[in-house]
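Note sheet for the following structure.
The values are calculated or read from the model by the stated rules, or taken from the named source; none is laboratory data. Nothing here was measured: the structure is a model prediction, and the numbers come from that model. Methodologically, a virtual Cβ is constructed for each residue, glycine included, from the backbone with ideal geometry; neighbour enumeration extends over all protein chains shown.
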Amino acid sequence: MIIIPIITAVILIFLFYRKTIPELDNKSRYLLFFLRTLAIISVLILLINPVYYFLKNIVIKPEVLILSDNSASMEQKQNEISKAEILQTFQKSMEKKFTSKNYKITKFKFAEGLDGSKSSTNFSKTLSDISAKHNLSNVKNILLFSDGWFKDENLNILENINIPIYTFSPEFKAIDFDLQISRLKYNKTTYTEEITPLFADISAENYSGKAKLNLEINGRIIQTEEIDFNSGNYQQIIFEQNFQKTGLIPFEVKIVADSTGEINLENNRFPAAIQVLESRSKILMISDKLNWDVKFVIDAIQKNPRWNAEFLMKDKILKQGKTRVKLQDKIENIKVLFLINSNNLDFNNEEIEIINSFVKNGGGLFLQGNPISQLAEMYPAKKSNIKKSFKSNLYFTKESKQYRSFDFNDQHSEDNIPPVDYYYVSPKLQAKVLAKIENEEQTPAILFQEYEQGKILYFAFLNFWKWQLWDAEQNFTEFISNLCSWLGQKSSDRFISYTDKNSYFAGENIRFRLNAYDEKLSPMQNLNAKLTIRNTDKKLVLEKYLIARENEYSLEIESPEPGKYSYQIRDENIDQETDGEFLVTAYNPENRDRGFNFPLLSYIALQTSGKMIDKKNLELFDFPKATMKNEEVKTEIPIYKKWFIIAIFLVSFCLELYLRKRWGLL
């Protein structure tokens, strides 16, 4: 397309410089003709945008990838020969076979991916890294030289790799005795007044003697258990510990053998940390009589391990059992206050002020039964002149579905609520009616309102406890528990972060999660949640934003240097923040891996249509000769994008203009 305009331009330029005024010698005319031609061709190239193509035939060899595990566990030895050295024999043999068949060999070393730490092995990350930097379209096989001790959460990536992976099974057996703490199980969070069980799984290889298992806190031995491996190579030891201090408490479990000579001592200890809180969240219940509503609500609360319920009787005076108590003392550190009034519950002015202040400062107030006159200002409903109670069914309004506590998964369960004994009330202007009575007036049954920083929920009826007799008991229990969680939550409690563990080994990935809900407990969207991590010296270690995934925000990072760290997650737009702590130990988890994980290596080969090769069939292994593929490669060169085209135009145009003026041309 560009050739015709160029030829036309050359002809016109030639005719233009055929004669000049004044007359120039041939040498000068040809020079001007050449400069004008260069300038015009440059302009045409820039306008028409031509692309130069050329074809090249290349021969492509089928490719074989060799993946060599160089993590710390590969240094474990048998008779002074490491696992890596034993696999070298297999690797050299396989390389020789595939090279002789004319395959292209490409090698990668890996641990936590291609460039990650040697203190952990992640095969999925390795395959992802290779896919990102290397074209796998011509790869026919992958040879995996590893002990198979991978820290992957799953190996789903094998379903998409579509390349046979060959694994190897050398004769490797450690003959030295080895004791190992293989797993330590415990709750991430405990309370100061509780006994916390710690489950340690212990295994012994080539050892049948005795040992001691120590529980250490801050370097001090707190408890010791004797172990006799004559009764079995695998045992579980349970420590029961009462942690006295609050906060993130590091501890360690260590095993010590009676015999000496154990080579691998790294797996004889298991460091960890537990978050110790002051006490469980408290709920205080006050009523004028111990009726069935009181009894079954307390039972439902006590079934939730997060809550601890306490009951007070109010009959002129406030009593706990037979002991007279003060409301001021009992209301401290509670989350939710239940007031169930059969007819005679009342309070003095001092007690009313205490309740008022509790709710204003963020406490949750659950009211049930006949309205209490002294608390009329706080009720989301107005009391009527009808004092008598009536019996009827209730139904939940559409507005109730905005709140998760009233969003029943099982519609049948909601229909099973029996008739209740209700009181006539009318809603206040700011109240939200969440349920109504099935009568002519459609009077409100459940009402809700916010009271400064706190929440107030009012059940204008009694005998709600019968629901669990008509339906599964768990539905009543779950409903009461959800109400307690909802009423007891301050705005800061709806912005909660946590890590999957309290303590991490060196090289382990740490996952941070954030659950953020609005006042209706619906997940918050479009947050800019920033994670900030600092060490014990308050020095900034990392600053990143969390990523939204479904109904939570999360971020996974590689663990920093060993030490204790604090983190904060903050969103400035909603002015909310949450924080926590975690521990990174210097202990290398790769030192726990003993021998080869043959079941996993066999699984990888099976899932990818490969094979697991042992020493016996290594020599017999054969593969078809590589079939070369001729491929025509088309290369494009966009000439108009080259910088020198503009440079040629400017130089030729300016030089021609200069010479024309110098030689006096028109």
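Return yes when G116 is part of a loop (DSSP other than H, G, I, E, B) and within 30 Å of N233 (Cα to Cα) and no when it is not.
no
Here's the yes/no breakdown for (1) among the polar types (S, T, N, Q); (2) touching a residue at least 12 places away in the same chain (Cβ under 8 Å); (3) out of contact with any Lys or Arg (no Cβ under 9 Å at 6 or more places or on another chain); (4) farther than 30 Å from K77 by Cα:
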residue	(1), (2), (3), (4)
E550	no, no, yes, yes
K564	no, yes, yes, yes
I569	no, yes, no, yes
N573	yes, yes, yes, yes
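Take the range 575-603 and flag every residue that is touching a helix residue (DSSP H, G or I) at 6+ places or on another chain (Cβ under 9 Å) and either surrounded by fewer than 16 Cβ atoms within 10 Å (Cβ to Cβ) or small (G, A, S) (or both).
Selection gives G595 alone.
Can you name the number of the only condition in (1) surrounded by 16 or more Cβ atoms within 10 Å (Cβ to Cβ); (2) at positive phi that N356 fails?
(2)
Does S481 satisfy being in the same structural domain as S426 (by TED's automatic domain parsing), more than 16 Å from D293 (Cα to Cα), outside any strand (DSSP E or B) and among the small types (G, A, S)?
Considered against the rule, which asks whether it is in the same structural domain as S426 (by TED's automatic domain parsing), more than 16 Å from D293 (Cα to Cα), outside any strand (DSSP E or B) and among the small types (G, A, S), S481 comes out as no.
Quick one: which residue in E590, E581, E543 is in a helix (DSSP H, G or I) and either closer than 22 Å to G113 by Cα or out of contact with any Cys (no Cβ under 8 Å at 6 or more places or on another chain) (or both)?
E590
When residues of the range 146-168 are filtered for being part of a strand (DSSP E or B) and either outside the structural domain of E112 (by TED's automatic domain parsing) or of a type in the set (V, I, T) (or both), how many remain?
Final tally of qualifying residues: 2.
May I ask you to list the residues in the range 606-646 that are outside any strand (DSSP E or B), of a type in the set (K, R) and exposed (fewer than 13 other Cβ atoms within 10 Å of the Cβ)?
K616, K625, K641, K642, listed by residue number.
Among L143, L136, L158, which is within 30 Å of Q78 (Cα to Cα) and either of a type in the set (A, V, I, L, M, F, W, C) or surrounded by fewer than 16 Cβ atoms within 10 Å (Cβ to Cβ) (or both)?
L143
Please verify whether F108 is touching a His at 6+ places or on another chain (Cβ under 9 Å), part of a strand (DSSP E or B) and either assigned by TED's automatic domain parsing to the domain that holds L67 or modelled with pLDDT of 90 or more (or both), treating the condition exactly as stated.
yes
Output the number of residues of the range 27-78 satisfying the condition of being aromatic (F, W, Y), touching a residue at least 40 places away in the same chain (Cβ under 8 Å) and over 30 Å from K641 (Cβ atoms).
Residues that pass the stated criteria total 0.
What number goes with the only condition from (1) of a type in the set (D, E, K, R); (2) in a helix (DSSP H, G or I); (3) without any contact (Cβ under 8 Å) to a residue 40 or more places away in the chain that D537 does not pass?
(2)
Looking only at residues in the range 225-234 that are surrounded by 13 or more Cβ atoms within 10 Å (Cβ to Cβ) and modelled with pLDDT of 85 or more, which one is nearest to the chain's Cα centre (by Cα)?
Checking each candidate, the answer is E225.
Taking the range 18-52 as the region of interest, how many residues are surrounded by 13 or more Cβ atoms within 10 Å (Cβ to Cβ), assigned to a loop (DSSP other than H, G, I, E, B) and modelled with pLDDT of 80 or more?
Number of matching residues: 1.
I'd like to know if the range 328-338 contains one or more residues that are aliphatic (A, V, I, L, M), surrounded by fewer than 22 Cβ atoms within 10 Å (Cβ to Cβ) and touching a strand residue (DSSP E or B) at 6+ places or on another chain (Cβ under 7 Å).
yes
If you take the residues of the range 186-224 that are of a type in the set (F, W, Y) and within 30 Å of R306 (Cβ to Cβ), which of them is modelled with the lowest pLDDT? Before the answer, list the steps.
From the range 186-224, those of a type in the set (F, W, Y) are 186, 191, 199, 207; that's our starting set.
Within this subset, residues satisfying the condition of being within 30 Å of R306 (Cβ to Cβ) are 186, 191, 199.
Working: Y186: 88, Y191: 82, F199: 94.
Here the answer is Y191.
Mind listing whichever residues of the range 442-466 are more than 16 Å from G369 (Cβ to Cβ) and in contact (Cβ under 8 Å) with a residue 12 or more places away in the chain?
F448, Q449, E450, Y451, E452, Q453, G454, K455 - these are the residues of the range 442-466 that are more than 16 Å from G369 (Cβ to Cβ) and in contact (Cβ under 8 Å) with a residue 12 or more places away in the chain.
Which numbered condition in (1) at pLDDT below 85; (2) in a loop (DSSP other than H, G, I, E, B) is the only one that L248 fails?
(2)
Could you say which residue among N509, N573, N502 is more than 30 Å from R269 (Cβ to Cβ) and polar (S, T, N, Q)?
Numbers: N509 fails: more than 30 Å from R269 (Cβ to Cβ); N502 fails: more than 30 Å from R269 (Cβ to Cβ).
The match here is N573.
Please specify each residue of the range 278-322 satisfying the condition of being touching a residue at least 40 places away in the same chain (Cβ under 8 Å) and among the β-branched types (V, I, T).
I283, I286, V294, V297, I301
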